[in-house]
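Report on the structure given below.
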There are 4 protein chains.
Amino acid sequence: MIFRHRQKVLFKHCDPAGIVFYPRYFEMINDCIEAFFDVALGWPFEVLHKQGAVPTAQISASFQRPSRHGDMLDFTLKAAAPGRTSLALDFVVTCEGAPRLTAQSTLVNVDAQGRPMPWPDTLRTRLTQTTGGTP
Amino acid sequence: MIFRHRQKVLFKHCDPAGIVFYPRYFEMINDCIEAFFDVALGWPFEVLHKQGAVPTAQISASFQRPSRHGDMLDFTLKAAAPGRTSLALDFVVTCEGAPRLTAQSTLVNVDAQGRPMPWPDTLRTRLTQTTGGTP
Amino acid sequence: MIFRHRQKVLFKHCDPAGIVFYPRYFEMINDCIEAFFDVALGWPFEVLHKQGAVPTAQISASFQRPSRHGDMLDFTLKAAAPGRTSLALDFVVTCEGAPRLTAQSTLVNVDAQGRPMPWPDTLRTRLTQTTGGTP
Amino acid sequence: MIFRHRQKVLFKHCDPAGIVFYPRYFEMINDCIEAFFDVALGWPFEVLHKQGAVPTAQISASFQRPSRHGDMLDFTLKAAAPGRTSLALDFVVTCEGAPRLTAQSTLVNVDAQGRPMPWPDTLRTRLTQTTGGTP
């Protein structure tokens, strides 16, 4: 499944060169993941974080073209079939169809003490459904 | 050459789980690069950005262990021999010797219109000197 | 006229105490002003900033109750009749009707060199209309 | 007592107009307060936040002149005699002696449940000493 998310480039995202300061892209990616857990998985971050967390274990990004103030960015998030405690995500970001950046990240489900923990069954089912696999 | 930079984990860097929110690591990495250009290369960002910029073309990071409020982080930046218009950087971040994250990024030197532009000779010389190569 | 803006409290806004880190409120207020100029005044920041800027000359805020991750915040922005080059704004932020913070700010319209500059007539008309005054 | 703190204006602080984006000033002020509690009061935020917090109840700021990338900002923090649970702070920020901004804030000492709590005696003593009063 592909989850879609839009974000207009706002004043606060831009640097003195008038383009998005790249650490702000990682905040946008985090917002996209938060919206995915809320809307697509029905497990909002504010609920999830009461009993654990989903820290990012690794992330990489490639910036094809700069984004400017006022650009409307289209994020697509594609989730792979979940691992036992991990989840691989793939991002493509475009503006009016033209490429801006791509990114890949891996999340890990951890308990309140930060130890890796299997995804809950309901989440695994939802993740597997949304990715077109079988639970 | 290895450039060293320290950053204490401050309140503003931390998330509700009490650990560094990973987009803040990318701000810290950017601060480390800014200090490297200023101190090691003698080409401060505030001068450099009057005639161009050094946007990040790609970056990847792997987070080994979480960092907590109050931790003193030691950044080491290692610059590869410069390409014609690009520069590869390698980061290792530790706390009291224990690994926290590693990252790799590639910068590109661009002019005021965002077009790739060869590194100025003085910078190339300094970069080559600091990386132990020959200009 | 009252302009309304909603912002859910996201993971990125919260500090280790699990509540909104107050500098993030000022980013939210800036986003609210940016939406007001775009939607209510038809003068988006990305257009406005091509020929000038609207820096904040002063701002004050009073925080009545903390906001937590997941809270839906309702911002109301009330603009006073515009001065020659300035504009006073009044903000009330609530969550499900309960008070969270109030703020007052003054913007100044400046040209590309940062010198105060009268509001353009079309903007003055729109501001005066939206505030119920006479142009 | 006056506590002094320096902060160079970095790339990450600046907006498309090339000046400090004002929410970043509030992060700088928070960093200044964090340094004051650590260095002047010997009660670092990472220790303090294990048993409570010191949220900001109100803050106001007046921006006299914009600050640019590369500017070295000198912060002075002046603490008033502490109230039972509150503390008033006064900030003056200059660059090479020229005014940039002034700010006033009020902090409140709260316990882990967010309820106002008297300052601990050792902190009150230190605060009273640093402000030239009598405990």
Legend entry - Of D:Gln113, D:Gln104, D:Gln64, the one that fluctuates the most in a GNM where chain D has Cα springs shorter than 10 Å: D:Gln113
Inset, instruction - Any chance you could check the range C:53-82 for residues losing 50 Å² or more of accessible area when the partner protein chains are in, compared with the chain on its own (1.4 Å probe)? - result: C:Thr56, C:Ile59, C:Phe63, C:His69
Legend entry - For C:Gly42, label point 7 Å along C-beta direction: distances to other copies, nm: 4.5, 5.6, 6.5
Inset, instruction - Please build a GNM for chain C, connecting alpha carbons under 10 Å apart, and tell me which residue among C:Leu87, C:Leu48, C:Leu73 fluctuates the most. - result: C:Leu48
Legend entry - Taking chain C and dividing mean pair separation by its residue count, relative contact order in percent (alpha carbons under 8 Å, at least six apart): 28
Inset, instruction - Using amide H atoms built 1.01 Å from N in the peptide plane, name the residues 5+ places from B:Trp43, or on other chains, whose amide H lies under 5 Å from its own. - result: B:Asp38
Inset, instruction - Quick one: with label points 7 Å out along Cα→Cβ, list the inter-copy distances for C:Asp90 in nm, shortest first? - result: 2.9, 5.4, 6.1
Inset, instruction - For the range B:1-16, state which residues have at least 20 Å² less accessible area in the presence of all protein chains than in their chain by itself, taking the probe as 1.4 Å and leaving out ligands, DNA and RNA. - result: B:Lys8, B:Leu10, B:Phe11, B:Lys12, B:Cys14, B:Asp15, B:Pro16
Legend entry - Those trypsin sites (Lys or Arg not before Pro) in the range B:75-135 that DSSP places in a loop and that have at most 14 other beta carbons within 10 Å: B:Arg84
Inset, instruction - Report the closest approach of any chain B C-beta to the axis of the B-to-D rotation: residue and distance, in whole angstrom. - result: B:Glu27, 5
Legend entry - Fraction of alpha-carbon pairs over 13 Å apart in the range D:54-101 - percent: 65
Legend entry - Share of carbon and sulfur in the accessible heavy-atom surface of chain A [1.4 Å probe, %]: 52
Legend entry - Convex hull volume of the range D:1-73 per residue (C-alpha atoms, cubic angstrom): 118
Legend entry - Viscosity 1.002 mPa s, temperature 20 °C, Stokes-Einstein D of the range C:1-132 from Kirkwood C-alpha radius, µm²/s: 139
Inset, instruction - Would you tally the net charge around C:Asp74, using a Cβ to Cβ cut-off of less than 14 Å, leaving C:Asp74 out, and scoring K and R as +1, D and E as -1? - result: +3
Inset, instruction - Filter the GluC sites (Glu not before Pro) in the range B:24-74 down to the DSSP loop ones having no more than 14 other Cβ atoms within 10 Å, then list what survives. - result: none
Legend entry - Counted charge near D:Arg4, where neighbours are those whose Cβ lies closer than 12 Å (Asp, Glu -1; Lys, Arg +1): +1
Inset, instruction - Note down, for the range D:64-130, the three equivalent ellipsoid semi-axes (square root of 5 times each alpha carbon gyration tensor eigenvalue), biggest first, whole angstrom. - result: 31, 13, 9
Inset, instruction - Would you mind getting the accessible area per residue of chain B, heavy atoms of the protein chains only, 1.4 Å probe, in Å²? - result: 43
Inset, instruction - Anything over 22 Å Cα to Cα? Flag those among C:Lys8/C:Lys50; A:Lys8/B:Lys12; B:Lys8/B:Lys78; A:Lys78/C:Lys8; A:Lys8/C:Lys50, in the order listed. - result: C:Lys8/C:Lys50; A:Lys8/B:Lys12; A:Lys78/C:Lys8
Inset, instruction - Could you size up the charge dipole of chain C around its Cα centre, putting +1 on the beta carbon of Lys and Arg and -1 on that of Asp and Glu, and report it in debye to the nearest 20? - result: 120
Inset, instruction - Find which of C:Leu10, C:Gln51, C:Ala112 sits farthest along the positive direction of the dipole of chain C, computed with +1 on the beta-carbon of Lys and Arg, -1 on that of Asp and Glu, about the Cα centre. - result: C:Leu10
Legend entry - Under the Debye formula (equal points on every Cα, no solvent term), log10 I(q)/I(0) of the protein assembly as shown at q = 0.07, 0.11 Å⁻¹: -0.42, -1.09
Inset, instruction - About the Cα centre of the protein assembly as shown, how large is the charge dipole given +1 on each Lys and Arg Cβ and -1 on each Asp and Glu Cβ? Please answer in debye to the nearest 20. - result: 0
Legend entry - Interface burial for B against C (accessible surface, 1.4 Å probe, total of both chains, Å², rounded to 100): 800
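The values are calculated or read from the model by the stated rules, or taken from the named source; none is laboratory data. Computed from a prediction, not measured in an experiment: that's the story for all the values here. Positions of Cβ are generated from backbone atoms using ideal geometry, with glycine treated the same way; all protein chains shown enter the neighbour counts. SASA here: full protein model, heavy atoms, side chains in, ligands and nucleic acids out. Shrake-Rupley method; radii C 1.70, N 1.55, O 1.52, S 1.80 Å.
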